[in-house]
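Okay, so here's the structure we're looking at.
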Amino acid sequence: MAGTKTDFVIYEEQFFGGMTETLLQNSDAFNGASQNAIRLVPRRLKGDYEQESFMKEVSGIVSRRDITSVADASDLKLEQDELVGVKLNRKIGPVTQSRDAFRKIAQDPATFSFILGQQWGQAVMVDYVDSAVRSAVAALGGQLSLRTLDGGNTLTHTILATGLSKFGDAQKNVICWVMHSKQWFDLVKVSISDKITNIADVTIVQGTAATLGRPTIVTDSAALVVSGSVDQYLTLGLVADGVVIDESEERDIVSDVITGKENILIRLQGEYAFNLRVKGFAWNMLSGGVNPSDAAVGTDTNWLKRVGDKKACAGVMILTK
């Protein structure tokens, strides 16, 4: 009996099952591993932007009082500003396969849907991570006071400490590192060569790198590489909620049967969207615009610092070779 579209409802469910399982596994690990410095939140949001107003810090709210004067005191004003996140829209597929291909390998298309869902779930997670890293690099890269430029040296614990010093007495707020695997291995080698008691032995036995008491997310995201004749690498030190990704729309996956071809085909296609926020910054709606490209997300002028105190920003950034 010929198949109809109703035969494929189960395939959509199987797809969602594989995709959701993968996303949950990865998001739990990512949120927990970063101590929520980069957070994934299921939260439905309308429109192309998320705008949130906040009260700006009043400069000079406490000052010396002259006990010998009866002159008028100057009024200070309370001002508001806004933080802005931006929505990124994505598509999944379409992926098309003949039903004959499944028969030839004695597989059920429902199994195919589950496996494809897992693959796409992993791809979505990589997209989330890359977008988060790209936005943080752009936002922090535009703030000289939050950068440590040591591009002539490989990453060391001393350089990590220099990066933390950008936050001064608020350095404890930096709770997670995000770095390229090249930098992580540099730290492993430093831990071994420095022969610090209980550090070199732990590194060799456990395969860890000392990172000043903070967990590390290791990702070979292209956003962490500054290409040149000699590549340089970026390390991010992020605070809680440094970057937040809101899964702002329902994922929509549809399947269809395509007839009228030499072979009957199965097609799967999907859409989803997420909002991107960087702590202390507003998306530049004028220059960055709606549904920005990866290049636009990675442009520093598209992220505007809105908070007065740099310690209220997403974190710090370190450049090494």
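The values are calculated or read from the model by the stated rules, or taken from the named source; none is laboratory data. Values in this document were obtained by computation on a predicted structure and should not be read as measured data. Virtual Cβ from ideal backbone geometry, glycine too; neighbours counted across all protein chains shown.
Tabulated results
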quantity	calculated
Filter pass, Ser255 being more than 21 Å from Met179 (Cβ to Cβ) and surrounded by fewer than 19 Cβ atoms within 10 Å (Cβ to Cβ)	no
Lone unmet requirement of (1) of a type in the set (Ser, Thr, Tyr); (2) in a strand (DSSP E or B); (3) within 16 Å of the chain's Cα centre (by Cα) for Thr96	(3)
Of residues in the stretch 132-156 being in contact with a Lys or Arg (Cβ under 9 Å, 6 or more places away or on another chain) and among the hydroxyl-bearing types (Ser, Thr, Tyr), the one surrounded by the fewest Cβ atoms within 10 Å (Cβ to Cβ)	Ser145
Residue match in the stretch 295-314 (condition: without any contact (Cβ under 8 Å) to a residue 24 or more places away in the chain, of a type in the set (S, T, N, Q) and surrounded by fewer than 23 Cβ atoms within 10 Å (Cβ to Cβ))	no
Strands (runs of 3 or more DSSP E) wholly inside the stretch 138-253 containing at least 3 residues that are at pLDDT 90 or above and closer than 26 Å to Trp283 by Cα	147-149, 174-179, 232-239, 243-247
Residue that is modelled with pLDDT under 80 and among the small types (Gly, Ala, Ser), where the choices are Ser53, Ser98	Ser53
Selected residue [out of contact with any Lys or Arg (no Cβ under 9 Å at 6 or more places or on another chain) and over 19 Å from Arg99 (Cβ atoms)] from Gly228, Gly260	Gly228
Leading residue by the ranking (farthest from the chain's Cα centre (by Cα)) among those in the stretch 295-321 that are closer than 19 Å to Gly85 by Cα and in a loop (DSSP other than H, G, I, E, B)	Gly308
Residue match in the stretch 13-33 (condition: at pLDDT below 75 and exposed (fewer than 11 other Cβ atoms within 10 Å of the Cβ))	no
Options Gly117, Gly121: the member that is part of a helix (DSSP H, G or I), in contact with a Leu (Cβ under 8 Å, 6 or more places away or on another chain) and surrounded by 18 or more Cβ atoms within 10 Å (Cβ to Cβ)	Gly121
Residue match in the stretch 50-68 (condition: in contact with a Ser or Thr (Cβ under 8 Å, 6 or more places away or on another chain) and assigned to a loop (DSSP other than H, G, I, E, B))	no
Evaluation of Thr111 against (1) closer than 29 Å to Asp241 by Cβ; (2) at pLDDT below 90 (one fails), failing number	(1)
